[in-house]
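The values are calculated or read from the model by the stated rules, or taken from the named source; none is laboratory data. All figures in this text were calculated on a predicted structure; none of them were measured in a lab. Backbone-built Cβ (ideal geometry, glycine too); neighbour counts: all protein chains shown.
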Amino acid sequence: MLAKRAIRRFRPKIIGVTGSVGKSSAKEAIAVVLESRYDVRKSQKSYNSEIGLAMAVLELSTAWKSPLGWFKNIWRGLKVAYGKSFPKILVLEMGVDRPQDFDKLLKVANPDIGVVTAIGQIPVHVEFFSGPEAVAKEKSKLIKSLPSDGTAILNFDDEVVWEMHEKTKAKVFSFGFGSGGDLRASNYKIDFAGINFKLEKDGASVPVRLNKVYGKQHVYAAMAGASAGLAFGMNLIEIAGALQKYSAPPGRLKLIEGVKESSILDDSYNASPLATHAALDVLGDLQTKGRKIVIFGDMLEIGKYTIEAHKTLGRLAAKYADHLVTAGPRSKFTAEGAISSGMSKENVKSFSTSDEAAPYVKELIKKDDLILVKGSQGMRMEKVVLEIMAHPEDAEKLLVRQDEYWRDKK
């Protein structure tokens, strides 16, 4: 109620960001571009549910199970909704777990600009839908709801996303690596310092450097940010300069110093087949003097696709990694896939939980090793990162789920 009141009163421009992967990174990139010129408020962390969306509008933080904390949130929300100042632009994540979830989100905030990142053939949260098509249909409600003077910003490389361009009366703007999009990325290069690429539009191009950021998924985030900037009248040179301040959110392929002079690619926030494939590609692209190790926890909420999806990623891990350590019953299929593709049985180890896997991983690591840590939120793979990072005192700043609620949760 308070969030809706604030939106009706101040009438900010609203950018809604959805997709099965890449929402948080796109949100960060959009905000960092627009903040260079405008007063912007973005969703904190991954506040993308009905209550999370309202908290994002009001710039509140969850109080978890504290009644007093929620009472304080209501009081703070009243001061925001009836205050004198409010940002000109809201950048809001919008996520769904079940059918009709998007209807609830649209009752809180109706975006002027809709951004769809990626969905893929096996989306995350598909468990409660009849299939990938149903997930896409639910998320397409964002695009259908846009006003005729709004803008739909779509990933041209994702076939499921691009099909949404037929479902809106708004202006459509596309981005991707492939030719045919309105905004294109090219000349992609990656090393331990970060990634370089070019943004191209209408025959013009600008170089972009993202420091300490890894993987094409962050180029997609940068393109989403650039597309939003263009929608607000910014030019490519302005946008490229603003993107220099972009950094990956915690748990999204952050490079962290590990024990024994190793390096950790911390991708522990969540996992889906598409996102895990992208993370393994980054592991393959980066060159290291040591070994490459994958620490992989179960992918949850993918329903009937569970077994084959886990096996497929095991086969891919065998292509890029020297060792595989799994956590959880589902990822045992990942271990099977890796062994069937030629990885030595001695180099594959399976555990029931991330807590059990962490001490083994710490012993396994050697100097110059590069370790990818990936898994769904429920697997708590950040516990492995905490065990093997060189400076655990920095965990609150670098890792996901480090507040009191998550630390106490088993």
Problem set entry | Of all residues in region 26-47 being modelled with pLDDT under 95 and of a type outside the set (K, R), the one that is nearest to the chain's Cα centre (by Cα) | S46
Problem set entry | Filter result (modelled with pLDDT of 95 or more and either out of contact with any strand residue (DSSP E or B) (no Cβ under 6 Å at 6 or more places or on another chain) or not small (G, A, S) (or both)) within region 55-66 | M55, V57, L58, E59, L60
For this session: Give me the pairs, please: first residue somewhere in region 86-115 and under 19 Å from S130 (Cβ atoms) and modelled with pLDDT under 95, second residue anywhere and surrounded by fewer than 19 Cβ atoms within 10 Å (Cβ to Cβ) and aromatic (F, W, Y), beta-carbon distance under 9 Å, and either six or more positions apart or on two chains.
Result: D97/F128; R98/F128; P99/F128
Exercise. If we keep just the residues of region 14-54 that are among the charged types (D, E, K, R) and under 21 Å from Q100 (Cα atoms), which is surrounded by the fewest Cβ atoms within 10 Å (Cβ to Cβ)?
Worked result: E50
Problem set entry | Residue in region 88-101 that is nearest to I7 (Cα to Cα), counting only those that are surrounded by fewer than 17 Cβ atoms within 10 Å (Cβ to Cβ) and of a type outside the set (S, T, N, Q) | K88
For this session: Find the residue count for region 379-402, including only residues that are in a loop (DSSP other than H, G, I, E, B) and within 19 Å of the chain's Cα centre (by Cα).
Result: 6
Exercise. Quick one: is L255 within 18 Å of A193 (Cβ to Cβ) and surrounded by fewer than 24 Cβ atoms within 10 Å (Cβ to Cβ)?
Worked result: yes
Exercise. Quick check: is even one residue across region 57-74 under 28 Å from L230 (Cβ atoms) and either touching a Leu at 6+ places or on another chain (Cβ under 8 Å) or not assigned by TED's automatic domain parsing to the domain that holds T18 (or both)?
Worked result: yes
For this session: Restricting attention to region 108-128, report how many residues are on the phi > 0 side of the Ramachandran plot and either part of a helix (DSSP H, G or I) or not assigned by TED's automatic domain parsing to the domain that holds G16 (or both).
Result: 0
For this session: Residues being under 25 Å from I30 (Cα atoms), in a helix (DSSP H, G or I) and basic (K, R): count how many of those fall in region 52-107.
Result: 2
Problem set entry | Which listed residue, of T326, T334, is part of a helix (DSSP H, G or I), closer than 14 Å to T276 by Cβ and in the same structural domain as G290 (by TED's automatic domain parsing) | T334
For this session: Identify the residue in region 153-174 that is of a type in the set (K, R) and farther than 22 Å from A222 by Cα and, among all such residues, is surrounded by the most Cβ atoms within 10 Å (Cβ to Cβ).
Result: K167
Exercise. Between a first residue in region 1-25 that is on the phi > 0 side of the Ramachandran plot and a second residue that is crowded, with 19+ Cβ neighbours inside 10 Å and of a type in the set (S, T, N, Q), which pairs have beta carbons less than 6 Å apart while being 6 or more apart in sequence or on different chains?
Worked result: G19/T117; G22/T117; G22/Q217
For this session: Out of the residues in region 185-195 that are buried (at least 21 other Cβ atoms within 10 Å of the Cβ) and not small (G, A, S), state the one that is farthest from G114 (Cα to Cα).
Result: I190
For this session: Working carefully through the options E356, E393, find the one that is of a type in the set (D, E, K, R) and without any contact (Cβ under 8 Å) to a residue 12 or more places away in the chain.
Result: E393
Exercise. Any idea which residue in region 354-373 is farthest from A317 (Cα to Cα), counting only those that are touching a Gly at 6+ places or on another chain (Cβ under 7 Å) and not small (G, A, S)?
Worked result: K367
For this session: Residues being on the phi < 0 side of the Ramachandran plot and not in a strand (DSSP E or B): count how many of those fall in region 193-247.
Result: 34
Seminar exercise, completed: When every residue in region 5-25 that is in a helix (DSSP H, G or I) and under 14 Å from P111 (Cβ atoms) is compared, the one nearest to the chain's Cα centre (by Cα) is K23
